[in-house]
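Beneath this line is the structure, given in structure tokens, with notes to follow.
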Amino acid sequence: PIPEAPRRIQALSSDVVNKIAAGEIIVAPCNALKELIENSVDAGSTSIEILAKDGGLKLLQITDNGHGIDQEDMPILCKRHTTSKLKTFEDLSSIGTYGFRGEALASISYMSHLTVTTKIKESSCAWKARYAKGELVPMKPGQTAEPKPTAGRQGTQITVEDLFFDNPNRRKAFRSASEEYAKILDVVGRHAIHCSNVAFTCKKHGESSMGISVPANASTVERVRQVHGSSVANELIKFEVSNDRWGFKSEGWISNANYSVKRTTLLLFINHRSVESSAIKKGVEQTYATFLPKGGHPFVYLSLEIDPRRVDVNVHPTKREVGFLNEEEIVETICDELRSTLGKVDSSRTFMTQS
Ligand code: ADP
Ligand code: MG
């Protein structure tokens with residue numbers, strides 16, 4: 001048989017490119033929410049309220065009291081690679097934040113019906129706009145796409161409706177709304193514990209009781225109590241370690257040897273972004289293994305600050321695993337300190353029972 005003639009190469013339209021990227025960044029409602037919370041925190045908010053319906057698939061709404069968005073920026077707000085956080089590639093090495101590439105809102109606008117209401121201090125009213133595929137679109141048929149003046153307080157409200165509405169395969173992949181809601185609570189809980197001085201609430205649409213509610217002035221231990229309960233909050237010890245050679249400092253709260261559960265809870269923030277690190281998780285579990293009964297696991301909240309020049313932030317936004325220099329040494333230093341912190345508590349107990 002005669003081989004088929006080679007097919008000609010064509011460029012994908014930017015619309016298709018953006019849609020593919022959006023699908024990689026926003027895989028589930030909790031991915032969208034994490035980006036939105038980071039934006040609210042970046043905007044200096046002291047209060048963040050979250051509302052979810054059908055596990056965030058029908059509705060995901062986040063209301064903050066941050067500095068808001070200038071009305072003149074609204075036309076480009078949801079375009080891909082528009083950001084107020086990064087100007088040159090060199091900034092990448094010193095910026096210390098991950099949500100820097102201006103892709104979150106763009107991606108969400110490709111995957112849902114997105115409405116933004118925002119007010120800056122200098123503006124006499126709030127402005128409301130609807131977005132689709134990176135662009136302003138009319139809120140109702142027959143209207144213009146221009147942002148509309150409306151009443152509102154300083155800050156920003158982002159409403160994400162019908163996530164994945166034109167991606168039925170992905171929609172079908174979600175087994176249950178309650179599973180997605182649990183992931184939402186996990187994301188909110190992590191930030192509610194880490195972001196001191198910020199009040200958080202999270203609830204299901206139509207329910208009066210809160211899934212999570214943390215006041216702005218709550219201490220870290222109080223935050224853990226609100227999110228994870230007293231059984232763990234009562235068994236926490238302060239953890240602190242730093243090392244100039246490896247350019248990092250770390251603090252947090254860790255459960256003592258009295259507390260032992262089936263699974264490790266590791267809340268890890270590096271430079272104030274919630275991330276995963278299998279190296280740190282493994283080190284933590286190995287360290288605790290000598291303190292806990294067989295099969296027992298701890299609760300560990302760690303906030304790490306690493307010299308931004310040493311962290312590789314130029315990873316894909318969905319890659320929650322981060323890379324940093326001297327990873328092995330840093331993990332070892334943390335684990336040594338964990339061991340000595342846990343050891344001190346352990347021996348003081350023994351001492352107390354003996355005397
Ligand atoms: P990035 O956070 O990477 O810049 P995003 O798409 O998440 O990209 O957001 C784009 C821009 O929109 C941000 O740089 C910021 O200026 C603005 N913005 C987004 N959310 C908020 C918010 N809640 N409050 C104030 N400004 C916001
Ligand atoms: Mg962002």
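Quick notes on this one:
- Cβ-defined net charge surrounding residue 139, 14 Å radius [Lys, Arg +1; Asp, Glu -1]: +1
- Only Cα sites of the stretch 14-214 enter the Debye sum here, all with the same form factor; the resulting log10 I(q)/I(0) across q = 0.17 1/Å is -1.23, listed in q order.
- Pairs of Cα atoms farther than 17 Å apart, the stretch 4-78, %: 63 percent
- 222 nm mean residue ellipticity, helices alone, for the chain (DSSP H n ≥ 4; -39,500 (n - 2.57); rounded to 500): -10000 deg cm²/dmol
- Taken over the stretch 188-280, the convex hull of the Cα atoms encloses 133 Å³ per residue.
- Length gained on full extension, residue 20 to residue 132, computed as 0.36 nm times the residue gap minus the Cα-Cα distance: 38.8 nm.
- Paramagnetic label reach from residue 251 (point 7 Å along Cα→Cβ; backbone nitrogen cut-off under 20 Å): within the stretch 220-234, residues 220-226, 233-234.
- Residues 38, 4, sorted so that the one with the fewest Cβ neighbours within 10 Å comes first: 4, 38
- With neighbours defined as other Cβ atoms within 10 Å of a residue's Cβ, the residues 225, 339 order from fewest to most as 339, 225.
- 4 °C / 1.567 mPa s Stokes-Einstein diffusion coefficient of the chain, Kirkwood radius on C-alpha pairs, µm²/s: 58 µm²/s
Computed from the coordinates by the stated procedures, all read-outs in this text should not be read as laboratory data. Remember, it's a predicted structure, so these values are computed and weren't measured experimentally. We place every Cβ from the backbone using ideal geometry, glycine too, and count neighbours over all the protein chains shown.
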